[in-house]
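J.: Let me begin by handing over the structure; questions about it come next.
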Amino acid sequence: MKKVLIITYYWPPSGGAGVQRWLKFVKYLREFGWEPIVYTPENPESPASDSSLEKDIPIGTSIIKTPIWEPYSAYKKFVGRKKDDKIKTGFLTEKETPSITENISVWIRGNLFIPDARKFWVKPSIKNLSSYLKENPVDVIVSTGPPHSMHLIALGLKQKMNIPWLADFRDPWTNIDFYNDLKLTLHSDRKHHKLEKQVIESADRVVVIGNGMAEDLEYIHRRNYDIITNGYDELQAEKTTKLDTKFSIAHIGSMVKTRNPEILWKALSEIVLENKTFSEDLKIKLIGQVDISVRQSIQSFKLEEFVTFTEYLSHKDVRKVQSQSQVLLLLINNTPNAKLVVTGKIFEYMNSSRPILCVGPKDGDAAHILSETQTGHTIDYDEVEDLKNTIVEYYNQYKKGILTSNGVGIEKYSRKNLTKRLAKILDEIA
């Protein structure tokens, strides 16, 4: 078999969305003629742990781990957090007003740790992997970001050893939704853009997760961008799960401030007042970390009695919740880059056979996928009446026992089929 070295920060037992994409590629690569070798930190600062994911790692997979130094222990001490506290996703906060120390920390993170807090792992990794690759040659190197320091490791190896390199962008770099919150100086902003451009110019192939991201990167550097979305792993067991008896609306994943669906809380509060039976049946399940702004909105619309909060579940249990729930809620961050956002959860949602209610741009990549596969409805950020009508329509189908979703053509988003496409790209550059 040909060999591919995969440089990734997120790897089991770390949990969360960042692990899934390359864990699943590794799971199936051997079926398409590629032996994966994974390079990952020995002691990463991960947002969650999920040892259940380790079962997807093929037996005998070579996993190289080296220590990483990150400034998070100093950060936690500076802002008064406990040593074992997990770092929140994006700019999710549990406080109404961030402290001055947290604001200072954001400035430090944006301006001193470029491209991110894993920058101190770049030089040691280039040195370690250069020695390893001389003794254990590979056909292709893959880097996946964020964190985008992983791309800088691959860039260093490309410059030293000229091994074919595929750079995979799971999220944007300078166009990520919180980039403008980093309090960047002009010099730092230029440095981020310079490094981003250097990566996409130097890689032999660049893979992105959607059309919007490909078009966005075209403004930085014109070249061919390969599109491989995220996907789902077929798990039949979850499809036999009994549905909730309540009219449950479930959201899986973190809810940061820009993902707070004010329009949804307004629509639900109005339906609750207008329909007593609906209020008796409604249940809202929020699985994942929730920003304080979301909790405040729920309180202001008097929906607390209908909501349950669960901070974290294993991926196995998440799949169960998805299959149990009557409706699955997909929220696209209300930010300038909203049209190019394709969250990883959309594909597992589609595979659950439950209807998807999406709040986001109707002309965005996520909306296109839902329309193409006939798996849900997308409501724009200000269309409260359309949202109310859609929820009532779902509720009426639920009362009749006919609420379901039968996706059309979702097979192309299976992890195995996506890995086949990846392997084809690897074959072309090896």
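The values are calculated or read from the model by the stated rules, or taken from the named source; none is laboratory data. Bear in mind the structure is a predicted one, so any value in this text is a computation, not a measurement. Heads up, the Cβs are rebuilt from the backbone with ideal geometry, glycines too, and the neighbour counts pull from every protein chain shown.
J.: Please indicate, with yes or no, whether at least one residue in segment 97-107 is within 19 Å of Thr8 (Cα to Cα) and either of a type in the set (Lys, Arg) or surrounded by fewer than 16 Cβ atoms within 10 Å (Cβ to Cβ) (or both).
T.: no
To keep it simple, each residue is scored yes or no on (1) part of a helix (DSSP H, G or I); (2) of a type in the set (A, V, I, L, M).
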site	(1), (2)
Ile271	yes, yes
Ile284	no, yes
Ser297	yes, no
Phe309	no, no
Tyr312	no, no
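J.: Quick check on segment 123-181: of everything there that is of a type in the set (Ser, Thr, Tyr) and more than 30 Å from Asn260 (Cα to Cα), which residue is nearest to the chain's Cα centre (by Cα)?
T.: That would be Ser143.
One line per residue, one yes/no per condition, for (1) part of a loop (DSSP other than H, G, I, E, B); (2) surrounded by fewer than 19 Cβ atoms within 10 Å (Cβ to Cβ):
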| position | (1), (2) |
| --- | --- |
| Pro115 | yes, no |
| Ser130 | no, yes |
| Val142 | no, no |
| Met150 | no, no |
| Lys158 | no, no |
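J.: Ok, one more. Search segment 35-59 for residues being within 19 Å of Leu129 (Cα to Cα) and not aliphatic (A, V, I, L, M), and hand back the single one that is surrounded by the most Cβ atoms within 10 Å (Cβ to Cβ).
T.: Among those that are within 19 Å of Leu129 (Cα to Cα) and not aliphatic (A, V, I, L, M), it is Tyr39.
J.: Shifting gears a bit: Filter segment 313-345 for residues that are farther than 19 Å from Ile391 by Cβ and of a type in the set (A, V, I, L, M); which is surrounded by the fewest Cβ atoms within 10 Å (Cβ to Cβ)?
T.: Ranking the qualifying residues of segment 313-345, first place goes to Leu313.
J.: Need pairs with beta-carbon distance below 8 Å; first residue hydrophobic (A, V, I, L, M, F, W, C) and within segment 58-72, second surrounded by fewer than 13 Cβ atoms within 10 Å (Cβ to Cβ); sequence gap 6+ or separate chains.
T.: Here the result reads Ile68/Glu42; Ile68/Asn43, each pair linking segment 58-72 to a residue that is surrounded by fewer than 13 Cβ atoms within 10 Å (Cβ to Cβ).
J.: For His251, only one of the following conditions fails: (1) within 18 Å of Ile287 (Cβ to Cβ); (2) out of contact with any Gly (no Cβ under 8 Å at 6 or more places or on another chain). What is its number?
T.: Evaluating His251 over (1) within 18 Å of Ile287 (Cβ to Cβ); (2) out of contact with any Gly (no Cβ under 8 Å at 6 or more places or on another chain) leaves (2) as the failure.
J.: Checking the condition among the polar types (S, T, N, Q), at pLDDT below 95 and crowded, with 19+ Cβ neighbours inside 10 Å, which residue from Asn180, Asn175 passes?
T.: Asn175
J.: Here's a follow-up. Looking at segment 295-327 only, could you name the residues that are of a type in the set (D, E, K, R) and farther than 18 Å from Ala48 by Cα?
T.: Arg295, Lys302, Glu304, Glu305, Lys320
J.: Here are some residues: Lys257, Lys276. Which one is touching a residue at least 60 places away in the same chain (Cβ under 8 Å), out of contact with any Cys (no Cβ under 6 Å at 6 or more places or on another chain) and surrounded by fewer than 22 Cβ atoms within 10 Å (Cβ to Cβ)?
T.: Exactly one residue qualifies, and that residue is Lys257.
J.: Among the candidates Ile64, Ile59, which residue alone is modelled with pLDDT of 95 or more and not in a loop (DSSP other than H, G, I, E, B)?
T.: Ile64
J.: Quick one: which helices (runs of 4 or more DSSP H) sit completely within segment 341-430 and have at least 2 residues that are over 15 Å from Thr229 (Cα atoms) and modelled with pLDDT of 95 or more?
T.: Qualifying helices (runs of 4 or more DSSP H): 384-400, 415-429.
J.: So, Thr373, is that one farther than 30 Å from Asn180 by Cβ, surrounded by fewer than 19 Cβ atoms within 10 Å (Cβ to Cβ) and among the hydroxyl-bearing types (Ser, Thr, Tyr) or not?
T.: no
J.: I've got another one for you. For segment 210-224, which residues satisfy the criterion of being buried (at least 20 other Cβ atoms within 10 Å of the Cβ) and in contact with a Lys or Arg (Cβ under 6 Å, 6 or more places away or on another chain)?
T.: Gly212
J.: Do you know which residues across segment 317-337 are closer than 15 Å to Glu234 by Cα and under 15 Å from the mean Cα position of the chain (by Cα)?
T.: Correct list: Val318 only.
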